[in-house]
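Data first, discussion second: the structure below is written as structure tokens.
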Amino acid sequence: MDESFTPPATSSAPDLSVLLIGLLKRVQYREDDEPLWSALLRLQARIRDYVAVLNLELILDEAEGYAFLKSRAEPGEDDPSPRLPRLIARRPLTYAVSLLLALLRKKLAEFDAGGSDTRLVLSRDDIVELVRVFLPDGPNEARLIDQMEATINKVVDLGFLHRLKPSTGTSAPTNYEVRRILKAFVDAQWLAEFDARLSNYQNQLANSGVRT
Amino acid sequence: MDYATLDALRAHHPAWRLLRSDHAALVASFLHRVFVAPNVRAVAETDLAEALEDELFALRQRNGDEAFPRPALHYLNDWAAADKGWLRKYYRPGTDEAQFDLTPATEKAIAWLTQLAERQFVGTESRLLTLFHLLEQMRDGTETDPEKRIDELRKKRQAIDAEIARVADGDIPVLDDTSLKDRFLQFTQGARELLADFREVEHNFRQLDRRVRERIALWEGSKGALLEEIIGERDTIAESDQGKSFRAFWDFLLSSRRQEELSQLLDHALNLGAVQELEPDMRLRRIHYDWMEAGEHTQRTVAQLSQQLRRFLDDQVWLENRRIMDILHGIESKAIALRQEPPDGTVTTVADITSDIELAMERPMFTPAIKPTITDAVLQSGEMNVDASVLFTQVVVDRARLTRHIRNALQERTQISLRELITTQPLEHGLAELVAYLQLSNEIFRSVTDESVTDTITWQACGDDGHPVTRRADVPRILFLR
């Protein structure tokens, strides 16, 4: 062959920039932009190399159709490799938010086991119902609902619930879609940690002799 | 068909429950009009609610306000609830709005109701012939003895030869009108039934998917056995009787030769005098496109189901789900115990879903907050005879007058930009009036804002020294629409 061969790498560079910036900013969903998604699949290896420099890891779930960046696991105690600062912050969560995340995760697992639809949509009442059992009994129902509202908003902010646009002309209550990305963040490890925290707290309570 | 079965069906089957319902007439007529007659598969919540609202309005006009007092959406959700099961409510990817479709049971009930209306006549001859053909196909299709098969083919050839000879002699047998009508009615019914079947096919696929999932979820065996099961189940849907039959149908319909043939045959049939006497629904001419559309819908469902099932069967996901359910059980029991004293403060953390990178240079510069220090704050007693009217002669923008301006302008034309409007009706109160216009554009009138064009609006105002000055404001182009 006497034709000179130029690698197509340069032509894909703009895509790479768009993808990297996009990934640094938010979760990428296949349904949002199919062409971008296929570029992502194509440039996977280069993206991985690139973000490794930033101590990040690309998590890509082809079946679920989402991709995001995650901090790489910190080196163990006896590991001499240097500890790098985190680029992606960890957000502290209150008990109410943690519990709601766990319960939503359960709902999602049940939903997957029972049905064939992909989108789990819950109304606000459904969500309140989900949590109600775990809340202290009190005469002030309204206050409880208000608190729930704040918790739900927090989860919306975190990006695990998506508020659906209410259909025009109806006064139906707001519906929320449980984003499937929740599965990646609230995984077995996270839940086990939450469980352990609760055990600790329970022990503390018992030891300090507080009784209700 | 014993008593117990029928009793259970009467209590549980959605179709029978629909027929028993007090609202049966409303449900069946409405759903027939919206879904069955135009062969529509999915309708968005808003559209369906609107259509029902119209229907309810008409009914209330006729039967009094008490007839159906609740709002349309309430009825729709009720019909889609698990205890009724007349509609399927689901969320399609890519839209935030709920979609509705008929359930196969409802379709059956509606089909039965339509049969109650008398038919012109029931074609029996064509039906017998169809049955006869079916039996023949079954015999020919299972015959493995080549001798017999060839015999059969020879017999057919002889029959064809004989017919050719008869036609050559000028003896051309023609179907009479009755036979034509008989066949056409049979065709119409079959074509409609085929359409109805798609919903049921889809429903069957969904049931199949559900059964597989249930089995996996309840699995108690070892991982090895599970994997074996999983591999066995991978293509359950495509390999089921339902899947194979559907695929064969789909391949048949998809061939372009078949489609052309169908179009020609349908055209020919619909142009026959005897058929036209029956006043057929002209949509029949494109019935095969309706089949294609319905088939495609089903095809998509099957593809989606297979993909999801595969994902669900992914052994890692499955094992993780299992573990998650175990842990969640622990969390739930602890949460119940801690109900009266939930922990305060931060309990867990989660990695941010985003990493907002804020560059130092992009942050706004520090601006010292202005703290007004009030040095002379001695209150002095006021004098009684101050002219208080000054307080009330501040600028008052007469919104009614502005509204009138816009209305008048829109009587002559369909749209007017804010700038043009102000050229004809100069601002009298300057900025305050301009703001009032902007408010009107949001509240009362239909308007569009074109961000790409900037209009400059000028007006005369009174300067600090009492001399008139010209002021200007740049706003994006705003168009008031009729």
Can you spot a residue in region B:181-201 that is over 38 Å from the mean Cα position of the chain (by Cα) and polar (S, T, N, Q)? no
Some residue of region B:143-165 being within 40 Å of the chain's Cα centre (by Cα) and either surrounded by 13 or more Cβ atoms within 10 Å (Cβ to Cβ) or modelled with pLDDT under 85 (or both): no
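Is it fair to say B:Leu31 is closer than 14 Å to B:Lys108 by Cβ, modelled with pLDDT of 90 or more and in contact with a strand residue (DSSP E or B) (Cβ under 7 Å, 6 or more places away or on another chain)? Can you show your working first?
Working: closer than 14 Å to B:Lys108 by Cβ: yes; modelled with pLDDT of 90 or more: yes; in contact with a strand residue (DSSP E or B) (Cβ under 7 Å, 6 or more places away or on another chain): yes.
Answer is yes for this residue.
Results for (1) under 29 Å from B:Ala191 (Cα atoms); (2) among the acidic types (Asp, Glu); (3) in the same structural domain as B:Asp281 (by TED's automatic domain parsing), shown as yes or no for each residue.
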{"residue": "B:Ala15", "(1), (2), (3)": "yes, no, no"}
{"residue": "B:Arg20", "(1), (2), (3)": "yes, no, no"}
{"residue": "B:Asp47", "(1), (2), (3)": "yes, yes, no"}
{"residue": "B:Gly64", "(1), (2), (3)": "no, no, no"}
{"residue": "B:Ala82", "(1), (2), (3)": "no, no, no"}
{"residue": "B:Leu87", "(1), (2), (3)": "yes, no, no"}
{"residue": "B:Gly94", "(1), (2), (3)": "no, no, no"}
{"residue": "B:Leu102", "(1), (2), (3)": "yes, no, no"}
{"residue": "B:Lys108", "(1), (2), (3)": "yes, no, no"}
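Picking from B:Asp83, B:Asp54, which residue would you name as being open to solvent by 60 Å² or more (accessible area, probe 1.4 Å) and in a helix (DSSP H, G or I)? Before you say what the answer is, go through the steps one by one.
Numbers: B:Asp83 fails: in a helix (DSSP H, G or I).
Answer to the check: B:Asp54.
Checking the structure you have, find out if any residue of region A:114-124 is open to solvent by 40 Å² or more (accessible area, probe 1.4 Å) and away from chain B (no Cβ under 11 Å).
Checked against the condition, which is being open to solvent by 40 Å² or more (accessible area, probe 1.4 Å) and away from chain B (no Cβ under 11 Å), region A:114-124 yields at least one hit.
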Please specify each residue of region A:130-146 satisfying the condition of being in a helix (DSSP H, G or I) and either modelled with pLDDT under 85 or assigned by TED's automatic domain parsing to the domain that holds A:Glu31 (or both). A:Arg132, A:Glu141, A:Ala142, A:Arg143, A:Leu144, A:Ile145, A:Asp146
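Checking the condition part of a loop (DSSP other than H, G, I, E, B) and under 28 Å from B:Leu284 (Cα atoms), which residue from B:Arg33, B:Arg41, B:Arg70 passes? Steps first, please.
Details: B:Arg33 fails: part of a loop (DSSP other than H, G, I, E, B); B:Arg70 fails: under 28 Å from B:Leu284 (Cα atoms).
Just a single option satisfies the conditions, and that option is B:Arg41.
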Here's a check for you: in region A:60-106, which residue that is within 7 Å of chain B (Cβ to nearest Cβ) and in a helix (DSSP H, G or I) is most open to solvent (accessible area, probe 1.4 Å)? A:Lys106
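The values are calculated or read from the model by the stated rules, or taken from the named source; none is laboratory data. Fair warning: this is a prediction, and the values are worked out from it, not measured in the lab. With ideal geometry, Cβ positions are generated from the backbone for all residues, glycine too; neighbour counts draw on all protein chains shown. Please note that ligands, DNA and RNA were not included when accessible areas were found on the heavy atoms of the full protein model with its side chains. Shrake-Rupley method; radii C 1.70, N 1.55, O 1.52, S 1.80 Å.
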